[in-house]
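*Asks:* The structure under discussion is supplied below as structure tokens; questions concerning it will follow.
The values are calculated or read from the model by the stated rules, or taken from the named source; none is laboratory data. Since we're looking at a predicted model, the values are computed, not measured. All Cβ positions, glycine included, derive from the backbone under ideal geometry; neighbour counts span all protein chains shown. To get the accessible areas, we keep the full protein, side chains included, count just its heavy atoms, and leave off ligands, DNA and RNA. Shrake-Rupley method; radii C 1.70, N 1.55, O 1.52, S 1.80 Å.
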Amino acid sequence: MVRVMPDHTDEPPATHAPKPRILTGDTPTGRLHLGHWVGSLETRVALQDEYDCYFLLANMHAYTTRADKASEIRESTIEITKDWLAAGIDPEKSTIVLQTEVPAIAELTWFLAMLVPFNRVMRNPTLKTEIEDKGLGDSYSFGFPMYAVGQCADILAFRPDLIPVGEDQVAHIEMCREVARRFNQVYCGVDPQTEDAGYPAAGGLFPIPAAKIGRVARLVGTDGKHKMSKSLHNAIFLSDTPKEVKKKINAMYPGQSRNPDDPGDPTINPVFDYAEIFMRDKAQVSELKDRYRRGDNLGDGHVKAAVIEAVNELLEPMRERRAKYEGPNAEAEVVEIIRAGTDRANKLAEETLAMAKDAMALNFGRRELRL
Ligand code: TRP
């Protein structure tokens, strides 16, 4: 990979890009599912034209809990990229970035780590939940809590305006906003009383980016109880076949035991959650609910069939796009997309790092990356 960041360039700085910027990403620990779609992916796809988008493959973060699973992480990285492409992320419009090939992120992580108290990081509720959910106990790696600071660097390296994420990421974004304010105050002389929107005008390097939460904050899994998650085996993957979708939805417990003529309660039936989220015809959803409540000859199989159809309608175009990346050269093609995006991303991230170093009295001459 050749990376060049010339000292002087005739191109206008990326800060004057006509479009506002987005940065967000996923950790490659498994394939993406419907929870990812409604939580964030759908927003990313929709905003590709309006925003200059950077989508980060956060593979470094996968190592924080799975350092011994290098080849699995690599495989997941490729799989997630395919999921993105299948979902409609267009590499002609958006930039796909591989975290471990953006050295500016790793460097910024160090600098930003000095601006956040250790105990503040350890109080981050998303980290705490992860320690519990993944059963990490007290033997997690030093790098594990470090990823929360790393995520601040992921974001700030791209000086984005907006971060489309699922609700579980809000605590990270909040910490990132704190770190950005702090950097701007300490190194750019911005008055701490400044409103978030006023930081760039007050001389701050980093805009204070906002999270954009998806349409559905928490999608229940096919177990009807827990949040959809690969590790709980209650997920419908974007790469599932029509048969798999059918099987998974048909196996869902409708929350109550009833005959088609018994009145039922749609609010305790997770299949109706899916109906509301995935069926486009809202009048049909209301009608199904009314009939369910009345016990008007509406079996659970009927509701499930309508949901299966809706989910497959959503996934069908993804299957078609995915098919383009299934041939013998698929991996090489995907790697090329990642490489091209990462080169582009390095230009922006190197620019940010150089500006950050200037602000930090580290102006020892701007470097050129050439490998
Ligand atoms: N932590 C995020 C997740 O697990 C992934 C991520 C890494 C991310 N860096 C990011 C998301 C920066 C948004 C912005 O889903």
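*Asks:* Residues that are within 24 Å of Ala104 (Cα to Cα), near the ligand (Cβ under 9 Å from one of its atoms) and of a type in the set (S, T, N, Q), at least 2 per element: which helices (runs of 4 or more DSSP H) completely within the range 117-170 meet that?
*Replies:* The helices (runs of 4 or more DSSP H) meeting that bar number zero.
*Asks:* Shifting gears a bit: So is Phe183 aromatic (Phe, Trp, Tyr), crowded, with 22+ Cβ neighbours inside 10 Å, touching a residue at least 12 places away in the same chain (Cβ under 8 Å) and within 16 Å of the ligand (Cβ to nearest atom) or not?
*Replies:* Working: aromatic (Phe, Trp, Tyr): yes; crowded, with 22+ Cβ neighbours inside 10 Å: yes; touching a residue at least 12 places away in the same chain (Cβ under 8 Å): yes; within 16 Å of the ligand (Cβ to nearest atom): no.
It is false that Phe183 is aromatic (Phe, Trp, Tyr), crowded, with 22+ Cβ neighbours inside 10 Å, touching a residue at least 12 places away in the same chain (Cβ under 8 Å) and within 16 Å of the ligand (Cβ to nearest atom).
*Asks:* With the condition kept exactly as written, say whether any residue in the range 197-217 is open to solvent by 30 Å² or more (accessible area, probe 1.4 Å) and either part of a helix (DSSP H, G or I) or over 30 Å from Cys53 (Cα atoms) (or both).
*Replies:* yes
*Asks:* Then there is this: Residue check, Leu232 against (1) at pLDDT 95 or above; (2) of a type outside the set (D, E, K, R); (3) open to solvent by 20 Å² or more (accessible area, probe 1.4 Å); (4) not assigned by TED's automatic domain parsing to the domain that holds Ile80, all met but one. Which one?
*Replies:* (1)
*Asks:* Could you tell me how many of the residues in the range 171-193 are assigned to a helix (DSSP H, G or I) and farther than 21 Å from Ser229 by Cβ? Full working, then the answer.
*Replies:* Of the range 171-193, the ones assigned to a helix (DSSP H, G or I) are 171-188.
This time we only want the ones that are farther than 21 Å from Ser229 by Cβ, so: 174-188.
Selection size over the range 171-193: 15.
*Asks:* Of (1) open to solvent by 70 Å² or more (accessible area, probe 1.4 Å); (2) under 32 Å from the mean Cα position of the chain (by Cα), Met252 satisfies all except one. Which?
*Replies:* Met252 satisfies all of (1) open to solvent by 70 Å² or more (accessible area, probe 1.4 Å); (2) under 32 Å from the mean Cα position of the chain (by Cα) except (1).
*Asks:* For the list (1) surrounded by 19 or more Cβ atoms within 10 Å (Cβ to Cβ); (2) in contact with a helix residue (DSSP H, G or I) (Cβ under 6 Å, 6 or more places away or on another chain), I need the number of the one condition that Pro160 fails.
*Replies:* (2)
*Asks:* Which of (1) loosely packed, with under 14 Cβ neighbours inside 10 Å; (2) touching a helix residue (DSSP H, G or I) at 6+ places or on another chain (Cβ under 9 Å) does Asp168 not meet, given it meets every other one?
*Replies:* The single condition Asp168 does not satisfy is (1).
*Asks:* Enumerate the pairs (first residue in the range 64-83 and under 19 Å from Glu331 (Cα atoms); second residue anywhere and modelled with pLDDT under 95 and open to solvent by less than 30 Å² (accessible area, probe 1.4 Å)) with beta-carbon separation below 9 Å, excluding pairs fewer than 6 apart on the same chain, so at least 6 apart or on different chains.
*Replies:* Matching pairs, first to second residue: Ser76/Gly30; Ile78/Ala330; Glu79/Gly30; Ile80/Gly30; Lys82/Ala330.
*Asks:* Looking at the range 92-150 only, could you name the residues that are in contact with a Cys (Cβ under 7 Å, 6 or more places away or on another chain) and of a type in the set (Gly, Ala, Ser)?
*Replies:* Ser94
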